[in-house]
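Structure, as structure tokens:
Each reported figure results from applying straightforward, stated rules to the coordinates on display, with no laboratory input. Note that the coordinates shown come from a computational prediction; the quantities given were computed from them, not determined experimentally. Methodologically, a virtual Cβ is constructed for each residue, glycine included, from the backbone with ideal geometry; neighbour enumeration extends over all protein chains shown.
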Amino acid sequence: MSIFKAILNTIPRPLLIKASYWVRPIIAWHLKGDQFTDPIDGKSFRKFLPYGYDKQRENALSPSTLSLERHRLMWLFLQNETNFFTSTKKLKVLHIAPEQCFLDLFKKQKNLDYTTSDLESPIADVKADICNLPFKDHSFDIVFCNHVLEHITDDKKAMQELYRVLKKGGFGIFQIPQDLSREKTFEDNTITDKKERTKIFGQYDHVRVYGRDYFEKLRNIGFTVKEVDYTKKIALEELKRFCLMEDEILPVCYK
């Protein structure tokens, strides 16, 4: 087992988050180069770090922002296809389980009224259960909830809460690890062994593997869902330079 894989599978995520603030400047300095670029901060490196709880993906984790492929894809989509960074109107944003690669940058955006929430994360503003969010109906223009629902036993209730707090006319991005070769989502609550969960679900604390029916689950809650394959709009040389995964779908959900 590689050292990165061992760290992911043995150290609790809150501790990893805290430790990363000390470690990442050292790693970023060590790996500086010009082979790959993180579009979030524009910094370049001779390689990115591997990442994965089971199978490790090479050149997945940016040394500077700690962004993964999905984060860099979402950043490019927000930057090029939305008014997230340019809106003259103040946008109220809720970010469930905020990712470090976005946190400081989003907080600095003067056009955003930015709130973060999570049950365990040490970097979230509001400690709350996604199935019982402490916010009024129709509170936010934009909601982000990425790679969270696969951890939640009652994901339908969580989706309902995301819908409830989103304003009419607003949108959300709710990324999940998805197996597009599966028609139906798979879950089995009898599988409790961490190693077996990692093998079957991809991570020791996941409770399901979403299939292509994920988008319909969101539609059943009330969202209008656009299955955005944004990598189709990005030149091949940029896909490689930014270390993106081809054909990754962004679930952009409107109310």
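With a Förster radius of 25 Å, plug the Cβ-Cβ distance of Tyr254 and Lys110 into 1/(1 + (r/R0)^6) and report the FRET value to the nearest 0.05.
Step by step, r from the Cβ atoms, then E = 0.50.
What FRET efficiency, computed as 1/(1 + (r/R0)^6) with R0 = 25 Å and r the Cβ-Cβ distance, is obtained for Ile26 and Ile123, rounded to the nearest 0.05?
Once rounded, the FRET efficiency stands at 0.80.
Under a straight-distance cross-link criterion of Cα-Cα below 20 Å, which aspartates and glutamates are reachable from Lys47, leaving out those fewer than 8 residues away in the same chain?
Result set, ordered by chain and number: Asp34, Asp38, Glu58, Glu69, Glu237, Glu238, Glu246.
What's the local net charge at Thr88, with K and R +1, D and E -1, over the other residues with C-beta under 15 Å away?
Residues close to Thr88 contribute a combined charge of +2.
Please find the FRET efficiency linking Asn59 to Lys195, where r is the Cβ-Cβ separation and R0 is fixed at 41 Å, and quote it to the nearest 0.05.
Step by step, r from the Cβ atoms, then E = 0.95.
Once you have the Cα-Cα distance between Lys90 and Ser44, take 0.36 nm times their residue separation minus that, and quote the gain in nm to one decimal.
Once the chain is fully extended between Lys90 and Ser44, it gains 13.4 nm.
For a quick check, take a GNM of the chain with Cα springs below 10 Å and name the residue from Arg182, Arg241, Arg70 with the largest mean-square fluctuation.
Looking only at Arg182, Arg241, Arg70, the largest GNM fluctuation is found for Arg182.
Using a Gaussian network for the chain with springs between C-alpha atoms less than 10 Å apart, which of these wobbles most: Ser117, Ser139, Ser67?
Ser139
Under the definition of Cα pairs under 8 Å and six or more residues apart, what whole-number percent is the relative contact order of the chain?
About 16 percent, as a whole number.
Which of the trypsin sites (Lys or Arg not before Pro) found in the range 89-118 are in a DSSP loop and have at most 12 neighbouring Cβ atoms, other than their own, within 10 Å?
Lys89, Lys90, Lys110
Tell me what the chain gives for mean residue ellipticity at 222 nm when only DSSP H runs of n ≥ 4 count, each as -39,500 (n - 2.57), the sum divided by the residue total, rounded to 500 deg cm²/dmol.
Calculated at 222 nm, the ellipticity per residue is -9500 deg cm²/dmol.
Report the net charge of residues surrounding Gln35, where surrounding means a beta-carbon distance below 11 angstrom and charges are Lys +1, Arg +1, Asp -1, Glu -1.
Combined, the nearby Lys, Arg, Asp and Glu give +4.
Which residue, Asp229, Asp104, Asp129, has the most motion in a Gaussian network model of the chain that connects Cα atoms within less than 10 Å?
Checking each option, the largest mean-square fluctuation is seen for Asp104.
Given the pairs Lys136/Lys199; Lys107/Lys157; Lys184/Lys232; Lys110/Lys136; Lys43/Lys127; Lys32/Lys233, which span a C-alpha to C-alpha distance of over 30 angstrom in this model?
Pairs exceeding 30 Å: Lys136/Lys199; Lys43/Lys127.
Percent antiparallel among DSSP beta bridges with both residues in the chain, to the nearest 5?
For the chain, the DSSP antiparallel bridge percentage is about 45.
Straight-line reach from Lys226: which aspartates and glutamates fall under 16 Å, measuring Cα to Cα and dropping same-chain residues less than 8 apart?
The qualifying aspartates and glutamates are Glu81, Asp213, Glu216, Asp247, Glu248.
I'm spelling it out carefully: the read-out is Cα extents along the principal axes in Å, the candidates are (1) 50, 47, 35; (2) 103, 51, 26; (3) 60, 46, 38, and one was derived from this structure. Which label?
For Cα extents along the principal axes in Å, the calculated option is (1).
Where in the range 49-112 are there chymotrypsin sites (Phe, Trp or Tyr not before Pro) that are in a DSSP coil and have at most 10 other Cβ atoms within 10 angstrom of their Cβ?
Loop-located and lightly packed - none at all.
How large is log10 of I(q)/I(0) for the range 179-222 at q = 0.23, 0.30 Å⁻¹ when the intensity is taken from the Debye formula with one equal scatterer per alpha-carbon?
-0.76, -0.97
Give me the distance in nm between label points sitting 7 Å out from Cα along the Cα-to-Cβ direction at Asn132 and Lys226, one decimal.
3.6
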